[in-house]
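Colleague: Below you will find the structure I want to go over with you.
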Amino acid sequence: MRSALVSPAFPRRAGALLAAIVCALALTPAMAKADNPIVQHIYTADPAPLVHNGRVYLYTGHDEDASTWFTMKEWRVWSSDDMVNWTDHGSPMSVATFSWAKQDAWAGQAIQRNGKFYWYVPVVNRATGRMAIGVGVADSPTGPFRDAIGRPLVENGEIDPTVFIDDNGQAYLYWGNPNLWYVRLNADMTSFSGSPTQIPLTTAGFGTRTGDAARPTLYEEGPWVYKRNGLYYNVFAAKCCSEFIAYSTAPSPTGPWTYRGTVMPTQGGSFTNHAGIVDFKGSSYFFYHNGALPGGGGFTRSVAVEKFSYNADGTIPTINMTTGGAPQAGTLNPFVRQEAETIAWGSGIETEPSSEGGMNIGWIENGDNVKVKGVAFGGGARSFSARVASAAAGGTVEVRLDSPSGSVVGRCGVSGTGGWQNWATVSCPISGATGTRDLYLRFTGGSGYLFNVNWWQFTA
């Protein structure tokens, strides 16, 4: 984790925000003890899931360490095929991607069309000092992304774009705080027809807020628009501060909207929240953020996920934050190469780009460990191999089952390789790894950083 400077710009009204900050800083979040939040080695916020080719790709912001404002310089991508073991794909897009942007890598969303991936994000336009919506484009869901048009797609000082493609192929971009806007995107996904249209924020459409004459409805920010069974849903952050998640529905993508109630009540250690909803492998999942990690809070948030089922009439049930998270959708195959940065829970480690491609885990010290959930060993594993590098004396990879102090089924020694990116493969015999178990790789050695790990694999 890295520290950062404070950002001077934020569009929310200062009075309400200041009160929220005071409340948030008084909170002491409890450390999660299970599989939520889904990323533990950096702070993440504003989840935007995308299902593509049998995986969930998760696009998030990155709160810098020890932030006392929304200090965000880059976006991050993660993916999973089982909803519990998440692969860190690093940062394929940052404020620097947009030459015209000054700061604030805030909440966006990515979508796939015509073999490309378009990522809509709010940043501060250097020329105007206002928030504007940029669009990145890539050939892969994990990037790298480049600025698609070299300028803002749309700019009116408001934030939090969500993008949706209707069944007839018409794409819509929605965004806004304090208002709610949309445009009809053209098929190229980088231009739009007509002018931005402001959606009427009526109490019938977005609920009633009390005590704030300037904002009579509950709508605050962070819309997430999608369609299910012919009905259009707009899930949004409601009533700063602290926010809860609410939603409205409509018979068309442009309304009229009808307020339906609360999805996730105000809870957790963050005074903001931000929702993303997808269906994956026949189930529905609700992504959000909280302040559950050590040091977490309103400016150091963490993304989490819950599985849920719609009610028979299509309404969304009340969903509460948990530390358990979503159940595993399948198992993990240990007999194919697995990236070391594919993790259900990590303790003490961080990640960095690897010279061999992708990411590796590093900054490993004695006693650090990673958990990989639901590993299907079947009839048994015979050996374990890992790709390692060390500019120090190395150490040992302890292969354990079920907990960091669980039974040891193998130990692999790691020697110095002459550099943190000078890679070598080490192997060791395995005995007693059968069935489907949680795998823990526990790292031991002397003082200081021990070694890096790029990937691992068992043989049957």
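The values are calculated or read from the model by the stated rules, or taken from the named source; none is laboratory data. Note that this is a predicted model, so its numbers are computed, not measured. Positions of Cβ are backbone-derived with ideal geometry, glycine not excepted, and every protein chain shown enters the neighbour counts. Areas reflect the complete protein model, heavy atoms only, side chains present, ligands, DNA and RNA absent. Shrake-Rupley method; radii C 1.70, N 1.55, O 1.52, S 1.80 Å.
Colleague: Taking only protein heavy atoms into account and a 1.4 Å probe, give the accessible area per residue of segment 357-399 in Å².
Modeller: Value for segment 357-399: 29 Å² per residue.
Colleague: May I pose another question? Dipole magnitude of the chain about its Cα centre, charges +1 at Lys/Arg Cβ and -1 at Asp/Glu Cβ only, in debye to the nearest 20?
Modeller: For the chain, the charge dipole is close to 200 debye.
Colleague: On to the next question. Quick one: if the Förster radius is 51 Å, what FRET efficiency do residue 391 and residue 191 give, using the C-beta to C-beta distance and rounding to 0.05?
Modeller: So, using R0 = 51 Å, E works out to roughly 0.55.
Colleague: What does the extension gain come out to for residue 51 and residue 267, with contour length at 0.36 nm per residue minus their alpha carbon separation?
Modeller: 75.0 nm
Colleague: Still on this structure, I have one more. Just how much of residue 354 is accessible, in Å², when a 1.4 Å probe is used and the result is rounded to the nearest 10?
Modeller: 20 Å²
Colleague: Tilt of helix 14-25 relative to the longest C-alpha principal axis of the chain, in degrees (0 to 90, nearest 10)?
Modeller: The angle comes out at about 30 degrees.
Colleague: Tell me, which longest segment in the chain has none of the trypsin sites (Lys or Arg not before Pro) that fall in DSSP loops with at most 10 further Cβ atoms within 10 Å?
Modeller: 34-460
Colleague: Which one of 213, 242, 178 is farthest out on the positive end of the charge dipole of segment 138-247, using unit charges on Cβ (Lys, Arg +1; Asp, Glu -1) and the Cα centre as origin?
Modeller: Looking along the dipole axis, the top candidate is 213.
Colleague: Also, I was wondering about something else. Report, to the nearest whole %, how much of the accessible area of the chain belongs to carbon and sulfur atoms, 1.4 Å probe, protein only.
Modeller: The value for the chain is 50 percent carbon and sulfur by accessible area.
Colleague: Work out the charge dipole of segment 328-424 with +1 on the Cβ of Lys and Arg and -1 on the Cβ of Asp and Glu about the Cα centre, then indicate which of 344, 390, 361 is farthest towards its positive end.
Modeller: Looking along the dipole axis, the top candidate is 344.
Colleague: Something else: Hey, what number do you get for the chain at 222 nm if only DSSP H runs of n ≥ 4 count, each worth -39500 (n - 2.57), divided across all residues, to the nearest 500?
Modeller: So the calculated ellipticity at 222 nm is -1000 deg cm²/dmol.
Colleague: So, with +1 on the Cβ of K and R and -1 on the Cβ of D and E, and no other charges, what is the size of the charge dipole of segment 146-220 about its Cα centre, to the nearest 20 debye?
Modeller: The dipole of segment 146-220 has a size of about 120 debye.
Colleague: Here's another thing I want to ask about it. For the pair residue 307 and residue 140, how long in nm is the line joining their label points, each one 7 Å along Cα→Cβ?
Modeller: 3.0 nm
Colleague: Can you tell me the accessible area per residue over segment 178-289, all protein chains present, probe 1.4 angstrom, in square angstrom?
Modeller: Accessible area per residue: 35 Å².
Colleague: Along the Cα-to-Cβ line of residue 258, 7 Å from the Cα, sits a label point; which residues in segment 281-316 have backbone N less than 20 Å from it?
Modeller: 310-316
Colleague: Ordering 412, 241 from largest to smallest accessible area (1.4 angstrom probe), what's the sequence?
Modeller: 241, 412
Colleague: Okay, next question. In what order, largest first, do 289, 52, 89 sit by accessible area if the probe radius is 1.4 Å?
Modeller: Correct descending sequence by accessible area is 89, 52, 289.
Colleague: Under a 1.4 angstrom probe, counting protein chains only, how are 383, 248, 407 ranked by accessible area, largest first?
Modeller: Result, largest first: 407, 383, 248.
Colleague: With Cβ to Cβ distances under 14 Å as the rule, what net charge do the other residues near residue 410 carry (K, R +1; D, E -1)?
Modeller: For residues surrounding residue 410, the net value is +4.
Colleague: A further question follows. Can you figure out the FRET efficiency of residue 322 with residue 422, using R₀ = 51 Å and their beta-carbon distance, to the nearest 0.05?
Modeller: Computed FRET efficiency for residue 322 and residue 422: 0.75.
Colleague: Sticking with this one: Which value, in Å² rounded to 10, gives the accessible area of residue 160 with a 1.4 Å probe and all protein chains present?
Modeller: Ignoring ligands and nucleic acids, residue 160 comes out at about 10 Å².
Colleague: If you place +1 on the Cβ of every Lys and Arg, -1 on the Cβ of every Asp and Glu, and leave all else neutral, what size is the dipole of segment 255-411 about its Cα centre, to the nearest 20 Debye?
Modeller: 320 debye
Colleague: Continuing with this model, one more query. Under the 0.36 nm per residue contour assumption, what length would be gained going from the current alpha-carbon distance of residue 231 and residue 149 to full extension?
Modeller: 26.3 nm
Colleague: A follow-up question, please. Restricting everything to alpha-carbon atoms, can you work out Rg to Rh for segment 140-269 with a Kirkwood hydrodynamic radius?
Modeller: With Rh from the inverse mean 1/r over Cα pairs, Rg/Rh is 0.98.
Colleague: Round to the nearest 10 and report in Å² the accessible area of residue 197, as given by a 1.4 Å probe over the protein chains' heavy atoms.
Modeller: Approximately 50 Å² for this residue.
Colleague: Stretch residue 431-residue 382 to full length: gain in nm at 0.36 nm per residue minus the Cα-Cα span?
Modeller: Roughly 17.0 nm would be gained on extension.
Colleague: Students often get this wrong, so check it: of 102/227; 73/281; 73/371; 73/227; 227/371; 227/281, which have C-alpha atoms separated by over 24 Å?
Modeller: 102/227; 73/281; 73/371; 73/227; 227/371
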